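The values are calculated or read from the model by the stated rules, or taken from the named source; none is laboratory data. Keep in mind that what you see is a predicted model, and the values were worked out from it rather than measured. Glycine also receives a Cβ, built like all others from the backbone with ideal geometry; neighbour counts cover every protein chain displayed.
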Amino acid sequence: MDFNWLTTIIFLPALGALLIAFVPRLSSRGVRWLAVVFTFIPLALSIYLFTIFDRSAGMAGVMQFEESLSWIPAINANYHLGVDGLSLPLMILMAFLGFLVVLISWKIDLRPREYFAWLLLLETSILGVFCSLDLLLFFLFWEIEVIPMYFLISIWGTGRKEYSAIKYVIYTLFGSALMLAGILSLYFTTGSLSMVEIAQGGLGMIQTAMPAAAIFFLLLVGFAVKLPVFPLHSWLPDAHTDAPTAVSVVLAGALLKMGGYGMIRVCVSIFPGVAQDYALPLIILAVISVLYGAAVTLRQTDLKRLIAYSSISHMGYVLLGIFALGQVSLTGAALQMFSHGVITGLLFAMAGLVMHNAGERDLRKLGGLARQMPIIVVVFSIAGVASLGLPTTSGFVAEFLVFVGSFTSSAVAGIQVATILGVFGIVITAGYILWMLQRVFYGEPLKKFDKVKDASILDRVYMFAFVAVIMLVGIYPAILTDVIKMGVAPVMGLLGG
Amino acid sequence: MTNFELLIPELTLLVTAVVVILLDLALKNKWVLAALSIAGIVVSAGFAISMWGGDSESIFFGMMAVDNFAIFFKLLFLVIAALVILASTDYVSKLKRFQGEYYALVLISALGMMLMAATTELISIYIALELTSISLYILVGFLKDPKSTEAALKYLLLGAVASAVLLFGMALIFGFTGQTQLGDIAAAIQSMSLSGVLSSPGLIAGMVLIIAGFGFKIAAVPFHMWVPDVYEGAPTPITAYLSVASKAAGFAIILRVFFSAFGLPEWLSLDWGMVFAILAAVGMTVGNIIALTQTNIKRMLGYSSIAQAGYLMVGLATVGFVSPVMSDSSAYAGQSGLLFFLASYTLTNLGAFTAIIAISGKVDSDLIKDYAGMGKRAPLLALALTLCLISLIGMPPAAGFMAKFYIFSGAVQHGLLWLVIVAVINSVISAYYYLRVVKVMWTGKPASETKVPSSIALRVALGLSCLGVLIMGIIPGFVMKLAEMAAKMFVS
């Protein structure tokens with residue numbers, strides 16, 4: 001495989017961003033079409049990679065489409081890319097959302113050149129995070145992502161956008177500052193920056209100079225801020241609520257997954273022993289995130305804020321699945337990341353559409369929109385029931401796997417209790433999702449919404465794409481789980497299970 | 001052994017400075033002076049590059065060394081001087097008199113710094129330092145308005161006190177060891193018994209006073225009081241010059257003195273390593289926290305430079321913590337990290353100040369709020385300033401990120417994880433005030449719709465700095481290699 005697939009996929013959006021920013025006299029129509037082209041090709045390429053990804057058992061744990069170049073010899077850093085069963089679905093997820101958010105942003109009129117340039121840069125950085133196998137490269141992409149997010153929220157956001165943007169930046173930088181200290185410690189104790197090498201070398205490579213648990217937690221905090229885990233979550237509702245719709249979609253859809261991905265790829269793979277030792281407190285945090293997130297969601301009156309809080313609860317399942325440390329639960333966690341990315345992406349897109357068309361986002365003032373928005377109500381409901389885990393949607397499969405996996409896990413005594421408490425979160429989810437749908441769409445039609453329009457043709461295109469993926473994974477989950485288990489297998493090997 | 005040919009880079013600069021002053025009398029067209037100065041710098045840099053990689057040589061009976069370490073710094077100072085002169089042309093052309101003297105003084109102070117990087121003997125260190133400082137005192141007061149004069153006076157008075165403290169420290173060291181050459185001092189200290197050193201406090205007191213004297217140069221807390229006022233009052237190109245060159249020279253000489261003279265025995269280097277570690281932690285915290293509330297961008301960058309000096313001192317502390325039995329590869333991690341950080345910081349800060357010169361020159365204000373809407377009025381300037389500020393925070397893809405990674409990785413290697421954690425949390429604090437400027441530029445409402453034009457010389461200077469910042473942020477291998485070579489040479 002001589003062609004540098006991953007480099008092409010990662011840097012095409014960045015190239016598009018440069019063209020958009022610097023080609024003189026580009027019309028705003030031209031900007032949009034450039035953005036479409038430079039996000040569609042990566043999507044097509046990553047789907048192609050998905051089809052030629054080698055799923056044979058012998059390839060489990062082997063990085064595919066690897067590229068490696070010496071980058072900074074002085075510190076032994078390499079430009080090392082590759083994907084396995086864990087990262088491939090997430091890469092496709094980002095490429096998928098990256099393309100759809102261009103369509104979702106079609107109506108942006110304020111400074112479109114800058115907007116699309118930042119949006120495309122954001123895509124490059126997130127794709128880079130999922131494909132990097134070198135810790136420095138990983139961290140570089142991880143940090144770059146903050147800059148486009150800052151601009152996107154603080155310029156194109158709504159409400160207290162500047163406050164939310166800086167809050168997001170400070171939280172993320174705080175997490176990544178500790179992560180940097182962790183990466184440096186890891187680099188010092190092992191002399192390597194290669195994730196694969198360190199994970200395969202195991203704890204044997206880590207000398208006694210520093211307790212492994214300390215490094216583990218330095219790294220974990222960085223990922224936990226991103227996921228987010230209670231009590232590091234408070235940036236999330238603000239950032240989601242005030243970000244423009246497309247950015248909320250990327251934020252909930254792909255950005256949060258960087259946290260979960262990092263936990264599996266770095267924390268659990270490199271420190272399996274420490275992960276087992278500290279699984280209990282992390283599982284407790286997961287359950288708190290699930291229940292607390294769900295409970296707070298119930299009280300929200302702002303449409304976007306409601307969906308934002310629901311993410312905290314759903315990411316709690318990911319944390320639960322990861323630190324249940326079982327084959328099934330890890331597969332479930334990875335699938336939940338993908339599934340939540342698509343479902344919540346659609347929820348935010350729909351919320352954005354309702355806000356845009358009805359001009360209102362306060363649940364107390366909305367109501368009776370089903371008549372004016374027959375298509376939106378159907379799609380919004382599909383996203384809603386997928387979010388609460390109805391069978392035939394991807395949400396069901398993912399959450400089911402997480403619960404089965406963690407219930408049968410032997411990582412921690414008493415995990416069954418935690419699992420049951422977690423399942424209770426589903427009940428609350430059903431409550432707030434159905435209540436939200438009812439308050440927005442049903443009830444007496446309101447006079448002020450008489451002239452409100454339904455989804456346009458363009459909107460229907462991306463709505464269809466979202467729903468198709470949700471249903472596809474829900475009905476035929478093996479399409480993803482076959483790939484994911486290739487990535488989970490080596491982690492299980494490290495855990496000795 | 002007076003190998004004059006090894007001093008050719010310095011002599012070239014000296015001749016250029018004299019010629020510039022003389023031509024100033026005859027020429028009406030003052031831009032020729034700037035061009036001539038830059039030509040002199042390029043020639044001098046050419047000579048310096050040709051000496052790179054050779055063996056270390058000692059000249060003037062051990063008073064100066066020509067090694068990779070010195071050449072690295074000489075090149076750094078030459079680059080700084082060239083960029084500062086490019087960024088000054090607009091500014092200077094508004095002066096009625098003394099344009100030639102301005103360029104000549106910049107050259108002479110650069111000459112002083114080049115000598116500082118090379119000296120290995122206490123008295124010549126002092127002389128080189130004074131040569132630099134006196135030129136800078138004049139440059140700070142060059143505008144002759146009340147603010148500039150006040151800044152110059154403050155700088156002169158505090159600088160003189162610092163010089164006196166430094167001299168006193170040197171005298172104590174001399175009295176204690178009977179030597180002025182760094183190598184001889186080291187030998188004298190090592191030949192003493194532990195109790196012999198401890199029974200006489202002269203050595204430790206001398207070291208403390210030397211740290212205080214140099215601490216003034218690098219703007220380390222608590223010797224930073226002069227920074228905000230001087231930065232605010234001085235002509236902006238000179239502020240830029242002070243913020244990078246004076247600091248780099250200070251670090252060069254500290255590194256040389258402490259490593260060569262006080263590097264052994266180990267308990268001694270651990271001692272001063274700890275002092276620098278504490279100064280670093282305090283410096284970055286104080287600098288960053290005070291910077292949070294500044295409304296004037298020059299003052300803000302002044303406090304930011306105090307904080308950056310704190311990050312740089314992490315490298316010094318690492319040098320002190322390196323155990324002498326360390327294997328070769330990590331033994332000079334502190335030095336090479338410090339050199340790389342200095343190179344990155346230099347380009348970044350010069351870039352930021354050049355953008356500020358361009359913007360302030362047209363807007364006629366240094367207040368952050370007057371930068372509102374620059375993203376619209378001068379998109380490229382705003383983009384360049386944004387890049388430089390991101391680099392100062394230490395975020396990719398800018399040089400500051402790699403610099404922090406590199407210098408902190410050395411510190412972690414030598415057991416300074418606590419200091420690294422303090423430092424990374426400090427960068428989070430700093431993000432707040434750097435990004436505030438970014439926010440004002442891109443989201444603020446412009447006071448007027450008129451574009452902000454800038455001259456070609458400024459654009460060249462800004463373009464070069466930003467290019468350097470990006471290159472060092474994305475493919476830093478080459479500069480890291482240079483820094484490593486310079487540090488390695490110095491170790492042996």
Those residues of segment B:415-447 which are more than 7 Å from every other protein chain (Cβ to nearest Cβ), more than 24 Å from the chain's Cα centre (by Cα) and farther than 30 Å from A:Pro211 by Cα, in sequence order = B:Arg436, B:Val438, B:Val440, B:Met441, B:Gly444, B:Lys445, B:Pro446, B:Ala447
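Hey, can you tell me all the residues within segment A:74-103 that are within 14 Å of another protein chain (Cβ to nearest Cβ) and among the polar types (S, T, N, Q)? Break it down stepwise before answering.
Step one: filter segment A:74-103 for residues within 14 Å of another protein chain (Cβ to nearest Cβ), giving A:74-79.
Correct list: A:Asn76, A:Asn78.
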Could you say whether any residue in segment B:187-194 is in contact (Cβ under 8 Å) with a residue 60 or more places away in the chain and buried (at least 20 other Cβ atoms within 10 Å of the Cβ)?
-> yes
Does any residue of segment A:312-323 turn out to be surrounded by fewer than 20 Cβ atoms within 10 Å (Cβ to Cβ) and out of contact with any His (no Cβ under 7 Å at 6 or more places or on another chain)?
-> no
Restricting the search to segment B:1-58, which residues are part of a helix (DSSP H, G or I) and at pLDDT below 85?
-> B:Phe4, B:Glu5, B:Leu6, B:Trp31
Starting from residues that are in contact (Cβ under 8 Å) with a residue 60 or more places away in the chain and assigned to a loop (DSSP other than H, G, I, E, B), keep the ones in segment B:61-97 and report whichever is nearest to the chain's Cα centre (by Cα).
-> B:Asp67
Of the candidates A:Trp118, A:Trp106, A:Trp142, the one satisfying the condition of being of a type in the set (Phe, Trp, Tyr), at the interface with chain B (Cβ under 10 Å from one of its Cβ atoms) and in contact (Cβ under 8 Å) with a residue 60 or more places away in the chain is A:Trp142
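Residue by residue, here is whether (1) away from chain B (no Cβ under 14 Å); (2) in contact with a Pro (Cβ under 6 Å, 6 or more places away or on another chain); (3) surrounded by fewer than 24 Cβ atoms within 10 Å (Cβ to Cβ); (4) among the β-branched types (Val, Ile, Thr) holds:
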{"site": "A:Thr190", "(1), (2), (3), (4)": "no, no, yes, yes"}
{"site": "A:Gly201", "(1), (2), (3), (4)": "yes, no, yes, no"}
{"site": "A:Phe223", "(1), (2), (3), (4)": "yes, no, no, no"}
{"site": "A:Pro231", "(1), (2), (3), (4)": "yes, no, yes, no"}
{"site": "A:Met258", "(1), (2), (3), (4)": "yes, no, no, no"}
{"site": "A:Cys267", "(1), (2), (3), (4)": "yes, no, no, no"}
{"site": "A:Asp277", "(1), (2), (3), (4)": "yes, no, yes, no"}
{"site": "A:Leu280", "(1), (2), (3), (4)": "yes, no, yes, no"}
Out of the residues in segment A:170-188 that are under 18 Å from A:Gly201 (Cβ atoms) and touching a residue at least 40 places away in the same chain (Cβ under 8 Å), which is nearest to the other protein chains (Cβ to nearest Cβ)?
-> A:Tyr187
For segment A:387-402, state whether one or more residues are closer than 22 Å to A:Asp362 by Cα and in a helix (DSSP H, G or I).
-> yes
Within segment A:107-222, helices (runs of 4 or more DSSP H) holding 1 or more residues that are basic (Lys, Arg) and out of contact with any Cys (no Cβ under 8 Å at 6 or more places or on another chain) | A:112-131, A:161-190
Condition set among the aliphatic types (A, V, I, L, M) and at the interface with another protein chain (Cβ under 7 Å from one of its Cβ atoms), scope segment A:147-158, selection surrounded by the fewest Cβ atoms within 10 Å (Cβ to Cβ): answer is A:Ile155
Could you tell me which residue of segment A:47-73 is farthest from the chain's Cα centre (by Cα), considering only residues that are within 14 Å of chain B (Cβ to nearest Cβ) and either of a type in the set (Phe, Trp, Tyr) or surrounded by 19 or more Cβ atoms within 10 Å (Cβ to Cβ) (or both)?
-> A:Ile72
How many residues, within segment B:281-321, are in contact (Cβ under 8 Å) with a residue 40 or more places away in the chain and part of a loop (DSSP other than H, G, I, E, B)?
-> 3
Quick check, is A:Lys167 within 10 Å of chain B (Cβ to nearest Cβ), of a type outside the set (Phe, Trp, Tyr) and more than 27 Å from B:Gly410 (Cβ to Cβ)?
-> no
Count of segment B:167-210 residues which are within 30 Å of B:Leu136 (Cβ to Cβ) and in contact with a Phe, Trp or Tyr (Cβ under 7 Å, 6 or more places away or on another chain) | 6
Helices (runs of 4 or more DSSP H) contained in segment B:134-241 and holding at least 3 residues over 28 Å from B:Ala352 (Cβ atoms) | B:146-177, B:182-190, B:194-199, B:202-217
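Give segment B:433-492 a look and list any residue that's in a loop (DSSP other than H, G, I, E, B), among the hydrophobic types (A, V, I, L, M, F, W, C) and either out of contact with any helix residue (DSSP H, G or I) (no Cβ under 6 Å at 6 or more places or on another chain) or buried (at least 22 other Cβ atoms within 10 Å of the Cβ) (or both), or say none.
Hits for segment B:433-492 are B:Ala447, B:Ile475.
Taking segment B:29-73 on its own, how many of its residues are within 13 Å of B:Leu7 (Cβ to Cβ) and touching a Leu at 6+ places or on another chain (Cβ under 8 Å)?
Residues that pass the stated criteria total 7.
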Any residue in segment B:403-412 that is polar (S, T, N, Q), touching a residue at least 12 places away in the same chain (Cβ under 8 Å), part of a helix (DSSP H, G or I) and within 11 Å of chain A (Cβ to nearest Cβ)?
-> yes
